[in-house]
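The values are calculated or read from the model by the stated rules, or taken from the named source; none is laboratory data. From a predicted model like this one, the values you see are computed outputs, not experimental measurements. Note: ideal-geometry Cβ built from the backbone for every residue, glycine included; neighbour counts use all protein chains shown. Ligands, DNA and RNA are stripped out before the accessible areas are found, and what is left, the full protein with its side chains, is counted by its heavy atoms. Shrake-Rupley method; radii C 1.70, N 1.55, O 1.52, S 1.80 Å.
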Amino acid sequence: SDPPICLYVKGSVNIFKARYRKNTPIFFAIVGTRKPTSYGIQIARKFAFELTEAGFIIVSGMAMGIDTVAHQAALDAGGKTVAVLGCGVNVIYPAVNQGLYENIIKTNGAVISEFPPDQTVLKGLFISRNRIISGLSRGVLIVEGGEYSGALITAKYAGIQGKDVFAVPSPINSDMSRAPNLLIKQGAKLVTTVEDIFEEFNM
């Protein structure tokens, strides 16, 4: 209901054409907190790696934490990944992810944004960015997040857009369990293995 006027792309435009071909790969988002626990890191890496091996293309926001883990796991599995930025596509944020940014482009993935080149980081832009992460994806997996996590905003957009929302249960003694456990309580699909996702997509 609120499409971007345009999308700027660095990397391969062909990755998006693949969505309309026979044997279409499934674009799938994995998002979560910028401050994951060791459990969250393990879960994000496991799902991103195994989904990539199954032919999925992982979509995330290139933020620190779960996003970075998901992108890197997709690359480690020999696949492609799409990073949606809340700034211009030529602005590497966070700067520590310069290597990841370059590898996404080098492996025929894509870095995209609705914001023009040179647009610097502003807090409100990340909220807009989240609707594109979910909009590109067939489903969204929330790994970890606090009570006010941006991952909850992505999940909300996914619900509005009619996309499947998945969540991994987290230890109840962790502050990072609040977002996924709340979503499960509200009706998100609880998953513990990639096979749970395959089942939802009739694979």
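Select from the range 1-18 the residues that are open to solvent by 60 Å² or more (accessible area, probe 1.4 Å) and polar (S, T, N, Q) and list them in ascending order.
Narrowing the range 1-18 to residues open to solvent by 60 Å² or more (accessible area, probe 1.4 Å): 1-3, 5, 7-8, 10, 13-14, 17.
Correct list: SER1, ASN14.
Matching residues to (1) in contact with a helix residue (DSSP H, G or I) (Cβ under 7 Å, 6 or more places away or on another chain); (2) open to solvent by 60 Å² or more (accessible area, probe 1.4 Å):
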residue: ARG34; (1), (2): no, yes
residue: THR68; (1), (2): yes, no
residue: LEU85; (1), (2): yes, no
residue: VAL91; (1), (2): no, no
residue: ILE105; (1), (2): no, no
residue: GLU114; (1), (2): yes, no
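Per the listing PHE47, PHE27, the residue uniquely among the aromatic types (Phe, Trp, Tyr), touching a residue at least 12 places away in the same chain (Cβ under 8 Å), more than 20 Å from SER177 (Cβ to Cβ) and open to solvent by less than 40 Å² (accessible area, probe 1.4 Å) is PHE27. With the checklist (1) among the polar types (S, T, N, Q); (2) surrounded by 13 or more Cβ atoms within 10 Å (Cβ to Cβ); (3) more than 14 Å from the chain's Cα centre (by Cα) in hand, flag the one item SER137 doesn't pass. For SER137, the failing item is (3).
On the basis of being part of a helix (DSSP H, G or I), among the aliphatic types (A, V, I, L, M) and surrounded by 14 or more Cβ atoms within 10 Å (Cβ to Cβ), does ALA73 make the cut? So ALA73 passes the test. Pairing residues of the range 62-77 that are acidic (Asp, Glu) with residues that are buried (at least 23 other Cβ atoms within 10 Å of the Cβ), at Cβ distances under 6 Å and at least 6 apart in sequence or on separate chains, gives ASP67/SER60; ASP67/GLY61. Looking only at the range 36-60, residues that are touching a helix residue (DSSP H, G or I) at 6+ places or on another chain (Cβ under 7 Å), under 16 Å from GLY145 (Cα atoms), in a helix (DSSP H, G or I) and β-branched (Val, Ile, Thr) come to 1 in all. Comparison of VAL89, VAL165, VAL194 shows that the only residue that is in contact (Cβ under 8 Å) with a residue 40 or more places away in the chain and under 18 Å from ALA48 (Cβ atoms) is VAL194. Here GLY124 meets the list (1) open to solvent by 10 Å² or more (accessible area, probe 1.4 Å); (2) under 25 Å from TYR148 (Cα atoms); (3) in contact (Cβ under 8 Å) with a residue 12 or more places away in the chain; (4) assigned to a helix (DSSP H, G or I) almost entirely, failing just condition (3). With respect to the conditions (1) within 17 Å of the chain's Cα centre (by Cα); (2) modelled with pLDDT under 95; (3) in a loop (DSSP other than H, G, I, E, B); (4) surrounded by fewer than 23 Cβ atoms within 10 Å (Cβ to Cβ), GLY79 falls short on a single one, namely (2).
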